[in-house]
Amino acid sequence: MALNKELIGTRIPTNTVDIERGQLRFFAKAIGDTDPVHSDLAAAKAAGHRDLLVPPTYLFCADSARSDGFNFLEFAEIDIRHILHGEQGFTYHRPVYAGDTLTFETTVSDIYSKKGGALEFLVQATAVTRDGELVAEIHKSLVVRNPEAGK
């Protein structure tokens, strides 16, 4: 089934996340990040940070682990068997640290297709704020295979 273009402009329910040291340490280890500013508090403070610094791609995971039960794929009627992670990009405006409480506000910014509709792309833009101040922006896309295309 083709993606519904009426999703463009849809705002996903706001997600608020507390950034925890243990999660940052686990994430850094999982991705093979050996920079101690992401896992060792003393090293982070020695480097001039107030706490553990968030690794660059961590915000994608932080936003994905929603506690409110909202499931975007279900909402958008996308079959998980037909999706791939297309791309993601981050623009940081301020450092993000363990102990921060972040708010993620996501909007579906575009939907387009390629290969005669066989591949559809759903693009999302997310503003990440701390106490109302923009700290980062995330751009991500899902690739959805449309098994009905070309039939």
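Out of Ser113, Ile78, His139, whose Cα points farthest toward the positive end of the dipole of segment 5-145 (charges: +1 Lys, Arg; -1 Asp, Glu; placed on Cβ)?
The Cα lying farthest towards the positive end belongs to Ser113.
Would you order Leu3, Leu122 from fewest to most other beta-carbon atoms within 10 Å of each residue's own beta-carbon? Display every interim value, and only then the final one.
Numbers: Leu3 21, Leu122 24.
Ordered from fewest to most neighbouring Cβ atoms within 10 Å, Leu3, Leu122 come out as Leu3, Leu122.
Arrange the following residues from fewest to most other Cβ atoms within 10 Å of their Cβ: Val143, Val96.
Values: Val143 15, Val96 24.
Ascending number of Cβ neighbours within 10 Å: Val143, Val96.
On C-alpha positions alone, give me the angle between the axis of helix 21-31 and the longest principal axis of the chain, in degrees, nearest 10.
60
What GluC sites (Glu not before Pro) in segment 52-144 are in a loop by DSSP, with at most 13 other Cβ atoms within 10 Å of the Cβ?
Sparse-neighbourhood loop GluC sites (Glu not before Pro): Glu77.
Put +1 on the Cβ of each Lys and Arg and -1 on the Cβ of each Asp and Glu in the chain; which of Ala28, Pro13, Ala42 then has its Cα farthest toward the positive end of the dipole?
Ala28
Please compute the volume of the convex hull spanned by the alpha-carbon atoms of the chain and report it per residue in Å³.
On the way: hull volume 17.7 nm³, N = 151.
Looking at the chain, the number lands at 118 Å³ per residue.
Can you find, among Ala149, Ala62, Leu52, the residue sitting farthest towards the positive end of the charge dipole of the chain, where Lys and Arg contribute +1 and Asp and Glu -1 at Cβ?
Most positive-ward Cα: Ala149.
When averaged across all projection directions, what area in nm² does the alpha-carbon convex hull of segment 1-84 cover?
The number I arrive at for segment 1-84 is 7.4 nm².
Ala42 versus Arg66, label points 7 Å from Cα toward the beta carbon: distance in nm?
Simple spin-label model gives 4.1 nm for this pair.
In deg cm²/dmol, rounded to 500, what helix-only [θ] at 222 nm does the chain give when every DSSP H run of at least 4 residues adds -39500 (n - 2.57) and the total is split over its residues? If you can, show how the numbers build up before the last one.
Working: 4 runs with 28 residues, N = 151.
For the chain, the value works out to -4500 deg cm²/dmol.
By a straight-distance test (C-alpha under 28 Å), which lysines pair with Lys5 as possible cross-link partners, with residues fewer than eight away in the same chain excluded?
Lys114, Lys115, Lys140, Lys151
For the chain, give the magnitude of the charge dipole about the Cα centre (Cβ charges: +1 Lys/Arg, -1 Asp/Glu; no others), in debye to the nearest 20. Show your work: numbers first, answer last.
On the way: 16 positive and 21 negative charges, 75 e Å.
That gives a dipole near 360 debye.
Tell me whether segment 84-151 comes out rounded, prolate or oblate; compute the Cα gyration tensor, take square roots of the eigenvalues as a ≥ b ≥ c, and use a/c under 1.5 as the rounded threshold. Spell out each step's value before the answer.
Values: a/c = 3.77, a/b = 3.44, b/c = 1.10.
Judged from the Cα gyration tensor, segment 84-151 comes out prolate (a/c at least 1.5, a/b above b/c).
Sticking with the crude label model, points 7 Å out along Cα→Cβ, report the distance from His139 to Gln88 in nm, one decimal please.
1.6
Only the coordinates and a few stated rules stand behind these numbers; no lab work does. Since the structure is predicted, the reported quantities are computational estimates derived from the model, not experimental observations. Glycine also receives a Cβ, built like all others from the backbone with ideal geometry; neighbour counts cover every protein chain displayed.
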